[in-house]
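Notes for the one structure printed next.
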Amino acid sequence: MCLLVAANGYDGSMMNGLMALPQWFNFMNHPKALSSTLAYPMVVYFANRRGRMKGLYVGYFFLVLDALLQTFTPNVAGFVISRFFLGQPSAWWGGLAPLLITEIASPNVLYNCGRYIGSTLAAKATCGTRNYASDWAWRIPSLLQVAVPLVVLPGVLLIPESPHYLISTGQTSKAKNILTELHSGGEVNSRLVDFEMAEVANAIKADSNAASTTSWAELFATNGNRHRAFISVMLGIFAHWNGVGVVPYYLALIWNLFFAVLAAVNVDRVGRRPLFLLSSGGMLISYIIISGLSSSFAQTGMSSVGLAVVPFLYIYYGFYDLAFTPLVVSYHAEIWPYQLRACGIALTQLSTYFAIFFNIFVNPIATDATGWKYYIFFAVILVIVTGTVYFCYPETKGLSLKEMSVIFDGVEAATISENAVMAIKGADVDHKEMA
């Protein structure tokens, strides 16, 4: 399931590759790229009413529809319509896969690192067909969008429904069976599973209407939720307003994948806050150096100064991938309670698209007008990012649902049932069992 995001990475990289093909530009009459999705409100509603797994299959439907329409479209209008449909699997998978991973797997299984796998495959596909004289130079990469999701499909079919959703709909026996299989190695009457069942049931009981009447207004109804909403919005914006839009995004896909995976496998050792702080602080220092070297090159024209920028671009991306690839999805999925988790993830995704639109339409104009001086703007943004992380982003490493609620909502709002208390007192709740 972690590899479903590779489809998003493939699409983003593929469009960059297609825009380098004269065959595609001739077919499209030299358009400006625009991609968006309006599906997130429906994703939230569907997730709470029909479950997480069914939504993944909806994403598959739209992906196949898009790939076929985009590959065999006879005109520009058909291609544009296909791009609209492609926003649908991005929304369904981007909104639901993090939910499932958060609710059925251990926190160290992070979702977003697969993006660079898809990006690398797309780069190879568009490079491999670049010399084709016909429209198949771009039609073949378009068709290959379904490759990774279809390879992953057999595994997706084996994924169980979210235990949280099952408990919220009264299917407690199914939920317990899933937790027993995944979290205790099949051990019946596991204290860990009993504790998790009690904790999840108590959290869901706090809002008896969680699965059916969740309102977007609840995202801002309490101080704790407003804190969560602030983190979700700023996380989506910071993921793209950190200068990533004005340096070569596909400079080194394998390099990016290496650092993203390195951070993902160490996130439970290091913690979330240290990774965010190291990432934003490292990007800030790298960006200051890049700005200074770019300024010097603009004034002197010395090739040695220009070449010195290149290694710092790699260093910048290494720091970026430490946090803003693996944690941009998983972190905010951890901080929201069950009844608002789908809305919170959608909020981050929507703010992400807002930041992307800014990068698409503003960055080229600003860069042409100000040159290297535009880097200063993002250096200031990175100062804000680092400060926001330091003061507003709590550590979530190893925290239970109750402990997370204490951080955001206070002790009074984080009551736990007597059964759960007895379970945790009588058990050595060590999540290493999940391995």
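Each reported figure results from applying straightforward, stated rules to the coordinates on display, with no laboratory input. A quick note: this is a predicted structure, and the numbers were derived from the prediction, not measured. Positions of Cβ are backbone-derived with ideal geometry, glycine not excepted, and every protein chain shown enters the neighbour counts.
For L38 and E403, compute 0.36 nm times the residue count separating them, minus their Cα-Cα distance, and round to one decimal in nm. Intermediate results must be reported in sequence, preceding the final value.
Details: separation 365, 0.36 × 365 = 131.40 nm, distance 3.41 nm.
Here the segment from L38 to E403 would lengthen by 128.0 nm.
Would you kindly derive the ³J(HN,Hα) couplings of region 60-72 from the backbone phi angles with the Karplus curve 6.51 cos²θ - 1.76 cosθ + 1.60 (θ = phi - 60°), listing them in order in whole Hz, with x for Gly and Pro?
Result, rounded to whole Hz: 4, 4, 5, 5, 5, 4, 5, 4, 5, 5, 5, 6, 9.
Using θ = phi - 60° and the Karplus form 6.51 cos²θ - 1.76 cosθ + 1.60, what ³J(HN,Hα) does each residue of region 352-368 get, whole Hz, x for Gly and Pro?
Each residue of region 352-368 in turn: 4, 5, 4, 5, 5, 4, 4, 4, 5, 9, 9, 4, x, 5, 5, 5, 5 Hz.
Within 10 Å, count the other beta carbons around each residue, average over each peptide in 184-194, 286-296, and list them highest first. Don't jump to the answer; show the numbers that get you there.
Values: 184-194: 15.6, 286-296: 19.5.
Most protected by this proxy first, the peptides run 286-296, 184-194.
Which FRET efficiency value, to the nearest 0.05, do you get for I159 and F230 by plugging their Cβ-Cβ distance into 1/(1 + (r/R0)^6) with R0 = 25 Å?
Details: r = 32 Å, r/R0 = 1.27.
Efficiency computed from Cβ-Cβ geometry: 0.20.
5 Å is the cut-off here: which amide hydrogens, built 1.01 Å from N in the peptide plane, fall below it relative to S162, excluding neighbours closer than 5 in sequence?
Correct list: R52, M53.
With unit charges on the beta carbon (Lys/Arg positive, Asp/Glu negative), name the residue among I381, I288, L278 whose Cα is farthest towards the positive pole of the charge dipole of region 255-382.
Of I381, I288, L278, it is L278.
Determine the gain in length on full extension of the stretch V151-S303; use 0.36 nm per residue of separation and subtract their C-alpha separation, reporting nm with one decimal.
Working: separation 152, 0.36 × 152 = 54.72 nm, distance 4.59 nm.
Additional length available on full extension: 50.1 nm.
Can you give the FRET efficiency to the nearest 0.05 for D368 and R50, using r as the Cβ-Cβ distance and R₀ = 56 Å?
Working: r = 47 Å, r/R0 = 0.84.
That pair, D368 with R50, gives E of 0.75.
Mind giving me the FRET efficiency for L182 and F377? R0 is 35 Å, r the Cβ-Cβ distance, nearest 0.05 is fine.
Working: r = 46 Å, r/R0 = 1.31.
That gives a FRET efficiency of 0.15.
Roughly how many nanometres apart are two label points built 7 Å out from the Cα toward the Cβ at I384 and F357?
Result for the modelled spin labels: 1.8 nm.
Rank-order 170-181, 363-374, 41-52 by packing density, defined as the average count of other C-beta atoms within 10 Å over each peptide's residues, highest first. Display every interim value, and only then the final one.
Working: 170-181: 16.8, 363-374: 13.5, 41-52: 19.5.
Highest to lowest by the protection proxy: 41-52, 170-181, 363-374.
Is there a pair in K54/K205; K176/K397; K176/K205 whose C-alpha atoms are over 20 Å apart, and which pairs would that be?
Details: K54/K205 24 Å; K176/K397 24 Å; K176/K205 17 Å.
Distance filter (> 20 Å) returns K54/K205; K176/K397.
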